[in-house]
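Undergrad: My questions will all concern the structure given below.
The values are calculated or read from the model by the stated rules, or taken from the named source; none is laboratory data. Not measured: the values here are computed from a predicted model. No Cβ is skipped: glycine too gets one built from the backbone with ideal geometry, and neighbour counts run over all protein chains shown.
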Amino acid sequence: MTIGKAWALAKVWYYDRLSPEFHRRTVDEALAIFEELGLTGPFWSFAGHTPTP
Amino acid sequence: MTVPEATLWRLRHLIYQVFAATGQPQEITQMANVLHLSEDDVLHALRSLDEMHSVFLTGDGRGVLMANPFSAVPTPFRVSADGVDYWANCAWDMLGVHAALGRDATIHATYAADDTTTEIQVVNGDVEGAPGIVHFQQPFRAWYDDLSHT
């Protein structure tokens, strides 16, 4: 992706990382962020995830 | 041994505060002193945070390797802000360091393909001088399977 798009994703993903109230995003929250930024399709999907043994 | 959740989050917050202030994580001894915990308690808490993917530990489990977007070891992505140098885990994280700090920053990145370097300025929330792209090697569903390879 372009640097501009990566910057947009970095801002929404990391802006609260230093906050004591930070909580790790759920998969659904992450997917909502991707969709808002137009990041759709199989690459940004969680379908087919297989937990690491 | 079960570590109280409040202790985990105090430790996580300390790790991030120190990374932001210095660009490096503390040693276990320092964490224990600041939080008034034993080193064993800190070790257990670190392992719990690692299992939760809140931080990632060194191979021997006795130090912090990554607290995204920060890296404890040099990488091709160096971020400088207010006189402090940081290492980011990847090209996305080099932007993430600035996003987390909320301060203007200069990024020096090295392209993997040919080892050429580029400089990116982040000023007043805008990215300048950045003609490149960011490549994600793994799809989202695999990000936490092996984060160092993402």
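Undergrad: Which residue pairs have Cβ atoms under 6 Å apart, sit 6 or more places apart or on different chains, and have a first residue in region B:128-150 that is under 11 Å from A:F43 (Cβ atoms) and outside the structural domain of B:F56 (by TED's automatic domain parsing) and a second that is surrounded by 12 or more Cβ atoms within 10 Å (Cβ to Cβ) and at pLDDT 80 or above?
TA: Taking only residues 6 or more apart or on different chains, the pairs are B:P139/A:F43; B:F140/A:W44; B:R141/A:F46.
Undergrad: Output the residues belonging to region B:26-78 that are within 14 Å of chain A (Cβ to nearest Cβ) and among the acidic types (D, E).
TA: B:D50, B:E51
Undergrad: Among (1) among the hydrophobic types (A, V, I, L, M, F, W, C); (2) assigned to a helix (DSSP H, G or I); (3) farther than 29 Å from B:H98 by Cβ; (4) in contact (Cβ under 8 Å) with a residue 40 or more places away in the chain, which single condition is B:A45 missing?
TA: (3)
Undergrad: Return the residue satisfying two criteria in turn: it lies in region B:21-42 and is outside any loop (DSSP other than H, G, I, E, B) and in contact with a strand residue (DSSP E or B) (Cβ under 8 Å, 6 or more places away or on another chain), and of such residues it is surrounded by the fewest Cβ atoms within 10 Å (Cβ to Cβ). Spell out the reasoning first.
TA: Residues of region B:21-42 that are outside any loop (DSSP other than H, G, I, E, B), as a first pass: B:21-22, B:28-35, B:39-42.
Next, from what is left, pick out any that are in contact with a strand residue (DSSP E or B) (Cβ under 8 Å, 6 or more places away or on another chain): B:21-22.
On the way: B:A21: 10, B:T22: 12.
Here the residue is B:A21.
Undergrad: Among residues belonging to region A:1-22 that are part of a loop (DSSP other than H, G, I, E, B) and more than 7 Å from every other protein chain (Cβ to nearest Cβ), point out the one that is surrounded by the most Cβ atoms within 10 Å (Cβ to Cβ).
TA: Step one: filter region A:1-22 for residues part of a loop (DSSP other than H, G, I, E, B), giving A:1, A:15-22.
Next, only the ones that are more than 7 Å from every other protein chain (Cβ to nearest Cβ) stay: A:16, A:19, A:21-22.
Details: A:D16: 14, A:S19: 11, A:E21: 7, A:F22: 17.
Restricting to residues being part of a loop (DSSP other than H, G, I, E, B) and more than 7 Å from every other protein chain (Cβ to nearest Cβ), the top hit is A:F22.
Undergrad: Further question: Could you pull out every one of the strands (runs of 3 or more DSSP E) wholly within region B:86-150 that has 2 or more residues that are at pLDDT 90 or above? So that I can check it myself, show each step before the final result.
TA: Values: elements: B:105-110, B:117-123, B:126-128.
Ranges flagged: B:105-110, B:117-123.
Conditions tested, residue by residue: (1) surrounded by fewer than 23 Cβ atoms within 10 Å (Cβ to Cβ); (2) over 12 Å from the mean Cα position of the chain (by Cα).
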{"site": "B:G63", "(1), (2)": "yes, yes"}
{"site": "B:V79", "(1), (2)": "no, no"}
{"site": "B:Y86", "(1), (2)": "no, no"}
{"site": "B:G96", "(1), (2)": "no, no"}
{"site": "B:G102", "(1), (2)": "yes, yes"}
{"site": "B:I107", "(1), (2)": "no, yes"}
{"site": "B:T110", "(1), (2)": "yes, yes"}
{"site": "B:A113", "(1), (2)": "yes, yes"}
{"site": "B:T116", "(1), (2)": "yes, yes"}
